[in-house]
Each structure stands twice: as C-alpha cells, then as structure tokens.
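Everything below concerns the one structure shown next.
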Amino acid sequence: MRLTSKISIVLVAVVLMTGILIGILCIENTSSAFDEYLYDTYEVMLNEWARTFVTYYTYNGNSWVGVENLGRFADLQQSGVVLSDLNGRILYYYDMSYVGKQVPSDIYSRGYILRVDNDVIGILYPAALFSETFMQLEQNFVRSAIAAAGKGVFFTSLFAIIIGIGLSVGIVHPLRALTKATKRMAKGDFEEPLPIFSTDEIGDLSRSFNTMAQELQKSNDLRKQMVADTSHELRTPLTVLASKLEFALEKNKPLEVEETMVLYDEVIRLKGLVNELQDLSKLEAGYAMLDKTLINFRDYFADLDMLLEAEAESRNMTLEVQLDDAPEYCYADPKRLKQIILNLVNNAFRYTPEHGRITIEARQEKNDFIFSVQDTGMGIAPEDIDKIFERFYRTDRSRDREKGGSGLGLAITKALVEAHGGWIDVASKLNEGTIFTVMLPGWDETAENAKTEQKEGSL
C-alpha cells in the first residue's frame, strides 16, 4: 500500500472515531441537559407536591396504602405528577391510568427522590415524561442531534481526506525524489542535486543527502585520481625495469653492474611507494599502533639536528632551531615523531631555493607540545592550501618525482599527527614561504589509563 493511502486512511479513521465519540458524548450530554431543563421547569411543582406526598406517607404510618385515592381528598387534579415506589411500580396518577404499571426503564432514573429521615420512600416524576407526544418529541430531538453529529463527522472526514491527500503528497513527493536520487547514486551519478522542497525535517534530510552526495562525489573523484596517480607513479620504475630486462633478454647477455644498480634503485623506489601507501592506509583505517612515551625533546632532537644541518649545508641553505625554555618533554611515538619532523623539513628543503632559510621552533603551551617548520620557499597558492594534504597532490605539477616527492609525505604526516590526537595547520604566501604548525597533546593520565584498560579488556 502506498504511503499516500496509508496517511489518508489513518487520518480518516482517526476523524471517524473522534467524530463518533464526540457524537455519542454530545447526544448523552444533550439528553442530560434536556432532562435538567425539564426538571428545572417542573421543579417548583415537584417540590410542592413532594411535601404533600411525604406528609401523606408520614400520617399514613409510613405507608403508601390508599395513595392512589389521594386525588379525591387533595387538590391534585391534573397535577401532572406520577408517583412510584422504589421498584418502579406506579402508585399514583390523577386519572388512575398508569397505576400499577411499571415505570419505563429509560425514565426510571429521571425522577425526583422522596425522602423521610434520609430514607428513600418513593420517586416522583413529571407526568410529561409519560406522554407519547413528549417521548416522540424527545426521540425527534435525539434523531436531530444524531443527524447533526453525522453531518459533522461526514464533512470532517471529507476535510480530513482532502488534508490527508495534500499532506501525504507533500511528504511522499520529496521521498520519491529522494528514492530516485538514491537510485542514481547507486549507479554512480552524484552530480544532480536533490531539490529542497521545505525547511522542515524533510528539507533537512534533502540537504543532508546533497551534502552526502557531494562528499561521495569528492571521495569518488579522489579515488579515481589516486588510481591514476598510483598508476603514474608505478609506471616509470616498472617501465625502466621492463625495458632493461627485456633488452637483456633480447641480447642474451648479462646486465652490467651499473645497469643492475639502476634496476635496484627502481625496485627501492617501488618498495618505498608501496610502503608509503600501506602506511597511509593503515593510518586512515585506524590500524596503526603507536608506542607513545614521554620524550626529552632537546636530547631527542639533538641527533636529528646533526642530520638536518648536514642536509641544509649540502643544499646551501640555513637551518635555524629555536627551542623554548619551557618543559622539555613531549608525549609521542619516537619513531613516528621523527617521521613527522623529517617529512615537514624535507618538504621545506624541496620547495626552498638555494640560500633559503628553514626555521624549526618548539614550545610548550599549557600541557600541549607545539612545533613548527617554516621556510622561505615558493609558497602555496590559496587555491592549493586545502588540497596539500591529499594523496599524490603536488602544488607544482611540473616537478618530477625526484624533485617533487611521491605526493604522499604530507598526507602521511597529517594522518600521523591525528593518530596522536593532535592537529596540523599550514599558512603560506606565494614567493614568501610556508609555515607548518603541529600540536601534539601532552600526557593525560585519565585518558591513557582508559586506553590501557580497553586494550587489556580486548585481550
């Protein structure tokens, strides 16, 4: 069954049930109000004759014997009252026509109670209740009330059907559009956005769907680009290997030592690229295990400083190191921290011309360890800032792999920093230089104890 039909049926059912319930209550309340009106109309008369009957009952030895003849001795002719006992047997009516008969059940509860010393001795009714004309009028009144309630239910149901159809169409139409868009997405079409029909929850759903489609499109484009870039990166070393080996096989002669070294270099390049891809995949999937510990950064960096100074000297560059006098310790995986620092510094070397300057700073801010790598190189264009951490992305596409790297270094660096629970930021100006800033959170005893308990529980 269609959602439109379901909504319409539910609305009509609710309206019908509500209308019927309201109709029943209206009829009951109307009948009750009618009885009250009748009672109020005859109240003075009933009170007057109630005293007469109670007086008779009392002087007659608390008995109704002979009450049917009371009209002969009292001025009760055409008084318009009927007396019954507690069982509903009629004891008195002025013309004796009802005496001995039973009070109809629908009238029994509508009388005036007679009491003597809190004891119920009888029930007094307006004679109009026993009139066929009155009963017919009352039935006509009830039928009119029922007809009015029925008309109300009918028109309310009709209105509910119209509203239900309009409401269901308003709900179902966006959902159908969403279904079609989902089917297009399943076929790989992420480009056509879903129209926004409203500002309510369905509109929020449509906007969220469009955002998801954009992210999937972006991921799909990145995947395609990654496959293309990976193929490009692997093609060069594989081509060199294949051509050299093919030449050797065709000439049927062994390779020279120099040629073997070239092939070995290409194998090392392939191995390094594959290792970087595996490393990045593990980091992004959350499978990389970190062995974090407290590191004395001054002592730790001293060994790297010698290596970096030698590299800067070979490139005719100046390397400056500025370590803050604040606490010397940072909390990180020593191997991964070295990888982060070297990736950033090598990136600075790669894009800084001769006689440029590389500046490394480290400081403590509260419990966080922050360090930065700044260069005076070519800088990064504003449109490239948001893309530099993507796989295989190079700001200068004209550079070959030897000068421009694999394009994975910054992606790996970002993943490593985030695996430590930190963040990395970049600021740059064209032809002025770039600065990368890294924050690594300090030791958090509560968090580390929780991680330890989680690891022990999983074992």
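Quick note: the coordinates plus some simple rules give every number you see, no bench work behind them. Owing to the predicted nature of the structure, the values given are computational and were not obtained by experimental measurement. FYI the Cβ positions are ideal-geometry reconstructions off the backbone, even for glycines, and counts take in every protein chain you see.
On a full-extension model of 0.36 nm per residue, what is the gain between Asp119 and Asn252, subtracting their alpha-carbon distance, rounded to one decimal in nm? Spell out each step's value before the answer.
Numbers: separation 133, 0.36 × 133 = 47.88 nm, distance 13.30 nm.
Gain on extension, Asp119 to Asn252, equals 34.6 nm.
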In nm, to one decimal, how far is the Lys187 label point from the Asp325 one, both placed 7 Å along Cα→Cβ? 7.1
Obtain the nm distance between the two label points defined at Leu241 and Ala147 by a simple spin-label model: each point lies 7 Å from its Cα along the Cα-to-C-beta direction. 9.7
Checking rank on 119-130, 91-102, with mean other Cβ inside 10 Å and highest first, the result is 119-130, 91-102
In sequence order, calculated HN-Hα J values of segment 347-359 (Karplus, 6.51, -1.76, 1.60; Hz; x Gly/Pro): 5, 5, 4, 5, 10, 10, x, 4, 6, x, 10, 10, 10
Give me the number: length gained by fully extending Asp221 to Met306, i.e. 0.36 nm times residue separation minus the C-alpha to C-alpha distance, one decimal in nm. 26.4 nm
Mind listing the long-range amide H neighbours of Asp368? Cut-off is under 5 Å, sequence gap 5 or more, other chains count too, H placed in the peptide plane at 1.01 Å from N. Gly442
Of the cross-linked pairs Lys366/Lys429; Lys218/Lys414; Lys366/Lys387; Lys180/Lys218; Lys366/Lys414; Lys338/Lys429, which ones have a Cα-Cα span greater than 24 Å in the structure shown? Lys366/Lys429; Lys366/Lys387; Lys338/Lys429
Among 348-355, 152-159, how do they line up from the highest to the lowest mean number of other beta-carbon atoms within 10 Å? 348-355, 152-159
How do Phe392, Phe301 rank when sorted from fewest to most other Cβ atoms within 10 Å of their own Cβ? Phe392, Phe301
Take the Cα coordinates of segment 163-217, assign each an equal point scatterer, and use the Debye formula without solvent to give log10 I(q)/I(0) at q = 0.18, 0.24, 0.28, 0.30 Å⁻¹. -0.57, -0.89, -1.11, -1.20
Please list the non-local residues whose amide H lies under 5 Å from the amide H of Tyr112, H modeled 1.01 Å from N, same-chain partners needing a gap of 5 or more. Leu124, Tyr125
Measure off 7 Å from each Cα along the Cα-to-Cβ vector at Trp443 and Ala177, then give the distance between these two points in nanometres to one decimal. 5.8
Using the Karplus curve 6.51 cos²θ - 1.76 cosθ + 1.60 with θ = phi - 60°, what ³J(HN,Hα) values do you get for each residue of segment 336-344, in whole Hz, with x for Gly and Pro? 6, 4, 4, 5, 4, 5, 5, 4, 5
For a Förster distance of 60 Å, can you work out the FRET efficiency between the beta-carbons of Leu342 and Glu43, rounded to the nearest 0.05? 0.05
